[in-house]
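Have a look at the structure below before the remarks.
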Amino acid sequence: MPKQIELADSSVEPEVLDVSTLDEPPVKRTRCTRRRACCITSAIIMVAAALVLAWYFLTKPQCVPGTVKRQEPLSSSALQNSCQPAALALGLPPLEAWRTGTDADSAMITYGPTEAFNPSSPTYPGSTSVTFEGVLHEPVLAPIRAKFIGWMNRNVLQRSRDDGIVQSPYNDLELCFESLEKAKWPQAIFCVYHLYTTPLLRGHLESNSDCWEQSTWGSMEQQGEGRTFYETTEMHIHDGGPRARACKALLGRTVEAGDVIGYSGRVDTHAMVPMRWKVKTDFKNPLQDSGDTCGDPYLQWTQPMRFLEFACSRSARLAPVEAAGTPLLDTESDSCAVGLPWVCNATTTGPAAGQLESDRLSPGFKY
């Protein structure tokens, strides 16, 4: 029996309304439904965005804002008291002169002498390093006391250049370090590359590891962590993902002058040990990319063979070297000399043992 609703005016015949046939207020129901659907959709989008961001930050190399704390210039007094360009371009000690290779591109040098030390061996545009001739798989040594701050593994079995030349293998593992000699080399950076391997990546070249060389240049997945340095930018990789973690990098480890930091590799048949060197100053690098918000703009590229004075590390020398008058690195003195990045008086057929422990002569050595 339908409910009856009486009208207020009793003189009018009561009208019977069947409220069971009435729909819910359509506008209210529609708004509520739409609001609920929008909320669900928004929640899905937010969750998806959070997952994408989490994946990006956990697996992709990126510059993480706030991780670079040294954006201030070096004080004038600290710069004045630090090591400055060598008064004379001494070059390498006589017994090591055969290693003299190409210099950095003078157009890239923003502090100190710019001209090449060895103009007879032309470099390539944009080069920021001096290339020392090497012996395949010989120990590469730290030139100063420093902290391991970054690495990039670009080792491939084969690289095809634009001019059609195929280079096999192409060893290009790079390591970067920050000086711990705060008076002589405050916040200076040096990097070595074209390495075959390093004891600072405990997982590198392990048979069951993803930290290996890839097949071809251009198709490789980027693999690295920490700080690395390019012509006009600086890369910071907070977390390189599973493949980088497989390398078990000892980031933050302190190395002393003369410690083994790697083993020389080769590009095709050419064994070499290139080195880059940046120093901190009180003015901005004019070549620094203005869009690089994470790089240190006060780090300057130097011409290593013009800027540095080299000496043999005491922990890695041959007995005849000292007798022959080759200078030895004394880390306790006020000298600005830096250690040669190899065992002194090595030969073209193999590295000299010097005073290195025997287990550190092999590329299989790990810290």
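The values are calculated or read from the model by the stated rules, or taken from the named source; none is laboratory data. The structure displayed is predicted, hence computed values, not measured ones. Neighbour counts run over all protein chains shown; Cβ positions are idealised from the backbone, glycine included. To get the accessible areas, we keep the full protein, side chains included, count just its heavy atoms, and leave off ligands, DNA and RNA. Shrake-Rupley method; radii C 1.70, N 1.55, O 1.52, S 1.80 Å.
Restricting attention to segment 213-265, the residues that are basic (K, R) and touching a Lys or Arg at 6+ places or on another chain (Cβ under 8 Å) total 2.
Considering segment 200-220, the residues that are within 24 Å of F148 (Cα to Cα) and small (G, A, S) include one that is surrounded by the fewest Cβ atoms within 10 Å (Cβ to Cβ), namely S209. Filtered by the rule that a residue be within 21 Å of T114 (Cβ to Cβ) and over 28 Å from the mean Cα position of the chain (by Cα), segment 81-96 gives A87, L88, A89, L90.
Restricting L74, L175, L90 to residues that are part of a loop (DSSP other than H, G, I, E, B) and either open to solvent by less than 40 Å² (accessible area, probe 1.4 Å) or under 21 Å from P297 (Cβ atoms) (or both) narrows the list to L74.
Tally the residues that are in a loop (DSSP other than H, G, I, E, B), touching a residue at least 12 places away in the same chain (Cβ under 8 Å) and surrounded by fewer than 17 Cβ atoms within 10 Å (Cβ to Cβ), restricting the search to segment 123-168.
First pass over segment 123-168, keeping only residues in a loop (DSSP other than H, G, I, E, B): 123-128, 134-138, 142-145, 154-155, 161-165, 168.
From the residues that got through so far, the ones that are touching a residue at least 12 places away in the same chain (Cβ under 8 Å) too are 123-128, 134-138, 142-145, 154-155, 168.
Then drop every residue that is not surrounded by fewer than 17 Cβ atoms within 10 Å (Cβ to Cβ), which leaves 124-126, 168.
Within segment 123-168, residues that are in a loop (DSSP other than H, G, I, E, B), touching a residue at least 12 places away in the same chain (Cβ under 8 Å) and surrounded by fewer than 17 Cβ atoms within 10 Å (Cβ to Cβ) number 4.
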